[in-house]
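Notes for the one structure printed next.
The values are calculated or read from the model by the stated rules, or taken from the named source; none is laboratory data. All values reported here derive from a predicted model rather than from experimental measurement. When we count neighbours, we look across all protein chains shown, and the Cβ atoms used for this are built from the backbone with ideal geometry, even at glycine.
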Amino acid sequence: MKITTITIFGLISILGVACTLPPPALEGTRDTGRQSRDLDAGTTDDLGAATRLDTGFLPDADPSTVTDAGENSNDATIAGDGGGSSMNMRDAAIAPDAAGIPDVGFIGDSGVPPSMLTVTPDFVSIPFGDSISLNLGIPMAVPTIWSIDGVPGGNSAIGTLQISPNDSRSVVFSAPQDAPSIPVTRVITAQTFGGQATALITLIAPLPTVVSAMPNQLDRGSSDTNVIIEGTGFVSSTLVELDGVRLPILARTWDRLEVVVSSSLLALAGEKRLVVRSPAPGGGIVSTPFTVILKETVVENGLPSNVASYFNNASVTTIASQPPALSYPEDESYAPRDFPSPQFSWSQDGQQNVCRLSLRSTAAQIDIYVSGTNLLANENPNYILDSQLWSTIVSTSLQEFSIRYSVACGELDTGGLVNNTFNQSAERSYTIVQDEAGGRIVYFSGLVEGLWNLEIGGNQASATPWIGPENTFALNSTNCVGCHSFSRDGQRMSYAKRAPDWSLELVDITNSVPTIRIAGTQGGEAVWTTIHPDGTYVLATDLGAQMMLLDGQTGQLISMVPTAPAGMNATQAFWSPTGDAFAFVTGTEGTNGVTDFAAGEIWTMTFSVTGGQPQFGTPVRIAGPDVIGGTAYYPAYSPDGEYLVFCRAPNGSSYNNPNASLWIAKADGTGAPVELSNANQTSGVSNSWPRWAPTTSNGRYWLLFSSQRAYPPYSGTGPQQLWVSLVDPNLLPMDPSSSSIWLSGQEPFTGNLTAEWTVAR
């Protein structure tokens with residue numbers, strides 16, 4: 001219970017006269033500051049006895065007067081005042097004064113007219129269940145009777161009053177814990193024989209609190225269930241809701257609610273909020289977690305239907321066969337909400353022929369039993385969740401959440417698990433972020449030397465051929481298509497095609513179907529093209545390793561780009577998201593000509609158009625090799641233009657460098673570049689061609705790149721594939737990247753690289 005204390009100051013004047021000590025009174029005259037006559041003996045107004053004690057005044061001139069000792073006069077031996085009209089209190093032992101006002105047991109006069117009596121505070125609102133201090137604003141102790149709505153002392157229904165044992169002018173009002181209606185106003189009265197004063201206290205709804213809800217989790221599909229909520233501040237107007245649906249309240253006290261959660265609210269699994277709401281005035285909203293658990297058991301065909309009971313009744317062993325080891329997904333990896341289920345894979349001992357893949361989150365408990373046999377060569381045991389089940393798991397929370405996963409394997413015979421034991425892997429985590437990534441990914445496939453299209457979150461389950469050499473897909477053609485880029489709206493694309501020399505082609509995209517605008521012979525020779533965000537310009541490298549600015553509609557040359565140092569070969573340009581700058585690489589030609597650079601350095605340059613003429617700024621060096629003999633290349637702006645990602649290699653050139661790694665740097669050149677170690681995973685896996693998703697996720701970026709590492713479900717390392725990592729720049733200067741995930745939907749048996757991530761159609 002909270003008590004609000006209001007400090008009250010006494011009156012500093014009475015009827016305009018300052019409360020200072022007056023000079024001594026002459027015999028038979030009025031004391032300074034008093035409204036009644038002095039009762040000293042020998043005056044014509046006295047009633048016949050000498051004054052014993054004037055409390056609050058200096059000694060009278062009368063020799064028989066005793067020294068004043070305080071505000072209340074102790075005229076104990078007199079029969080009464082001389083009929084004065086003051087409202088002063090009278091001594092209890094004497095008769096009424098001439099005005100007929102009786103004495104009430106206190107000594108002396110208050111000296112305060114009724115109009116000056118006040119209770120402070122006189123108007124205030126407090127919540128039910130709270131307390132507040134009240135004070136009668138007069139400067140002397142007087143007998144005071146306090147009441148609530150006319151009931152002395154109050155009661156539990158309307159509130160209670162606790163008078164201070166030291167001074168009846170002070171009282172604590174304690175509000176009741178409820179009333180039939182809210183708000184309600186109580187009248188607090190302070191009564192003295194000098195009059196009365198009142199205060200109005202409006203009682204409003206308190207802010208409820210919730211300590212616990214039991215049970216706070218139920219299985220999906222449960223029947224109607226009673227839930228007990230414990231806390232404080234539950235009043236008649238308090239409501240309880242789950243997922244915005246009001247729950248029936250079976251019982252209520254100040255600190256306990258009993259509600260019913262119907263089966264209809266338990267049909268969908270997920271992390272929910274049980275909300276307790278008290279409406280205004282006052283009141284407020286509090287909530288507590290309430291989870292409907294998705295429990296699912298999946299048994300692969302060919303396994304006994306009761307295989308789950310074998311594991312549930314067995315124990316973990318640390319001896320005998322080697323425990324299983326998870327191979328994918330990588331630990332502490334992140335995925336957008338609209339990515340499909342990862343392909344969980346692991347290794348196991350040769351004697352183990354049954355495994356349980358377990359997935360756990362706040363709102364999901366999934367157990368999947370697989371045989372782990374009949375595998376292809378170099379294939380690990382693996383499992384991809386049904387799309388509907390995966391979608392249900394993802395939908396259990398609208399917030400970011402982690403799925404913890406592990407695998408347990410054992411040897412199954414006709415009687416159950418051999419030795420009634422199984423081996424258990426370590427646990428890993430796979431996090432689903434709050435946002436969807438969306439868009440489409442277009443990449444070069446070495447299988448057909450053309451561009452493939454993969455829709456993110458769309459209806460396509462896998463990538464499909466999109467643009468090929470001469471619009472056909474011939475294996476090992478010399479007319480490969482690549483080095484492509486998109487306008488910011490995803491509706492224009494430029495790319496280079498080798499037929500047999502490099503030529504520029506520009507494409508309009510309607511309903512995801514590309515239409516070539518410029519035939520190969522019409523465009524100028526061009527390698528490593530990048531189209532301006534609004535599609536008006538194209539930056540490209542010619543066969544002399546010089547950069548050109550081309551018209552985005554016709555492909556015709558507008559201007560050569562003055563890169564630095566003067567005469568240095570330049571390539572791999574990339575526009576900023578606003579088109580007012582671009583990044584590029586300077587270096588020397590590698591073994592594959594202008595498609596391959598060595599000794600590369602990353603630069604940026606501003607760009608503008610004045611009077612129809614392009615204007616190029618002074619180049620700014622952002623990064624170079626981190627070791628002598630190394631190279632830096634493949635720069636790309638983040639979607640907000642704040643950062644550049646690029647590749648570094650300790651030696652060699654940009655062409656399929658097995659030692660390449662991914663790095664990030666501020667686009668303005670401040671600070672040192674930082675290696676994306678988590679995304680890189682290890683050395684020697686040809687991490688290459690990093691590109692950003694066009695959207696962000698709560699200030700974080702999705703990074704797409706190619707890498708030649710083991711991927712599910714294969715135990716060996718195949719050709720380069722596409723991978724995705726979450727990059728959080730808030731972690732800089734530490735490594736801001738996460739472990740990477742394999743891009744589901746790409747064809748797994750061919751080299752996939754030079755991917756571009758653009759917005760959806």
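Between 222, 237, which is at pLDDT 95 or above, outside any strand (DSSP E or B) and in contact with a Ser or Thr (Cβ under 7 Å, 6 or more places away or on another chain)? First the steps, then the outcome.
Values: 237 fails: at pLDDT 95 or above.
Unique residue meeting the criteria: 222.
Identify the single condition in (1) under 27 Å from the mean Cα position of the chain (by Cα); (2) more than 30 Å from residue 676 (Cβ to Cβ) that residue 336 does not satisfy, given that it satisfies every other one.
(2)
In region 373-383, what residues are in a strand (DSSP E or B) and either hydrophobic (A, V, I, L, M, F, W, C) or in contact with a Leu (Cβ under 9 Å, 6 or more places away or on another chain) (or both)?
Within region 373-383, the first condition is being in a strand (DSSP E or B), and the residues that meet it are 379, 382-383.
Answer for region 373-383, where residues must be in a strand (DSSP E or B) and either hydrophobic (A, V, I, L, M, F, W, C) or in contact with a Leu (Cβ under 9 Å, 6 or more places away or on another chain) (or both): 382, 383.
Cβ contacts < 7 Å: first residue in the same structural domain as residue 305 (by TED's automatic domain parsing) and free of Cβ contacts under 8 Å to residues at least 24 places away in the same chain, restricted to region 410-436; second residue among the charged types (D, E, K, R) and surrounded by fewer than 16 Cβ atoms within 10 Å (Cβ to Cβ), any location; separation 6+ or different chain. Result?
Cβ pairs passing all conditions: 427/404.
Yes or no: residue 628 among the hydrophobic types (A, V, I, L, M, F, W, C) and surrounded by 16 or more Cβ atoms within 10 Å (Cβ to Cβ)? Before you say what the answer is, go through the steps one by one.
Numbers: among the hydrophobic types (A, V, I, L, M, F, W, C): yes; surrounded by 16 or more Cβ atoms within 10 Å (Cβ to Cβ): no.
No: the conditions fail for residue 628.
Would you check which residues across region 632-685 are buried (at least 17 other Cβ atoms within 10 Å of the Cβ), in a loop (DSSP other than H, G, I, E, B) and either of a type in the set (Val, Ile, Thr) or assigned by TED's automatic domain parsing to the domain that holds residue 706 (or both) and list them?
685 - this is the single residue of region 632-685 that is buried (at least 17 other Cβ atoms within 10 Å of the Cβ), in a loop (DSSP other than H, G, I, E, B) and either of a type in the set (Val, Ile, Thr) or assigned by TED's automatic domain parsing to the domain that holds residue 706 (or both).
Those residues that are touching a residue at least 24 places away in the same chain (Cβ under 8 Å) and either in contact with a Pro (Cβ under 7 Å, 6 or more places away or on another chain) or outside any loop (DSSP other than H, G, I, E, B) (or both), I need them from region 719-736; list them, please. Lay out the reasoning, then the answer.
Within region 719-736, the first condition is being touching a residue at least 24 places away in the same chain (Cβ under 8 Å), and the residues that meet it are 719-730, 732-736.
Matches in region 719-736: 721, 722, 723, 724, 725, 726, 727, 728, 729, 730, 736.
Just to be sure before I move on: is residue 444 under 24 Å from the mean Cα position of the chain (by Cα) and aromatic (Phe, Trp, Tyr) in the structure I sent? Give the steps one after another, and end with the answer.
Working: under 24 Å from the mean Cα position of the chain (by Cα): no; aromatic (Phe, Trp, Tyr): yes.
Criteria not met by residue 444.
Return the total of residues in region 537-554 being closer than 14 Å to residue 505 by Cα, of a type in the set (S, T, N, Q) and assigned to a loop (DSSP other than H, G, I, E, B).
Residues in region 537-554 being closer than 14 Å to residue 505 by Cα, of a type in the set (S, T, N, Q) and assigned to a loop (DSSP other than H, G, I, E, B): 2 in total.
So, residue 141, is that one of a type in the set (A, V, I, L, M, F, W, C), outside the structural domain of residue 236 (by TED's automatic domain parsing) and more than 25 Å from residue 232 (Cα to Cα) or not?
Working: of a type in the set (A, V, I, L, M, F, W, C): yes; outside the structural domain of residue 236 (by TED's automatic domain parsing): yes; more than 25 Å from residue 232 (Cα to Cα): yes.
The answer is yes for residue 141.
Assess whether residue 312 counts as being closer than 30 Å to residue 216 by Cβ and free of Cβ contacts under 8 Å to residues at least 12 places away in the same chain. Spell out the reasoning first.
On the way: closer than 30 Å to residue 216 by Cβ: yes; free of Cβ contacts under 8 Å to residues at least 12 places away in the same chain: yes.
Criteria met by residue 312.
Whether any residue in region 129-149 is in contact (Cβ under 8 Å) with a residue 40 or more places away in the chain, part of a loop (DSSP other than H, G, I, E, B) and under 18 Å from residue 282 (Cβ atoms) is what I want to check.
yes
Tally up the residues in region 248-278 that are touching a residue at least 24 places away in the same chain (Cβ under 8 Å) and in a loop (DSSP other than H, G, I, E, B), please.
Qualifying residue count for the region: 6.
Return the residues of region 339-381 that are without any contact (Cβ under 8 Å) to a residue 40 or more places away in the chain and of a type in the set (S, T, N, Q); say none if nothing qualifies.
373, 374
State which residue pairs qualify: first residue surrounded by 10 or more Cβ atoms within 10 Å (Cβ to Cβ) and inside region 606-622, second residue in a strand (DSSP E or B) and acidic (Asp, Glu) in any location, beta carbons under 9 Å apart, and separation of 6 or more residues or different chains.
That search, which allows pairs on different chains as well, returns 621/601; 622/601.
Exactly one condition in (1) out of contact with any Pro (no Cβ under 8 Å at 6 or more places or on another chain); (2) under 16 Å from residue 559 (Cβ atoms) is not met by residue 584; state its number.
The number of the failed condition is (1).
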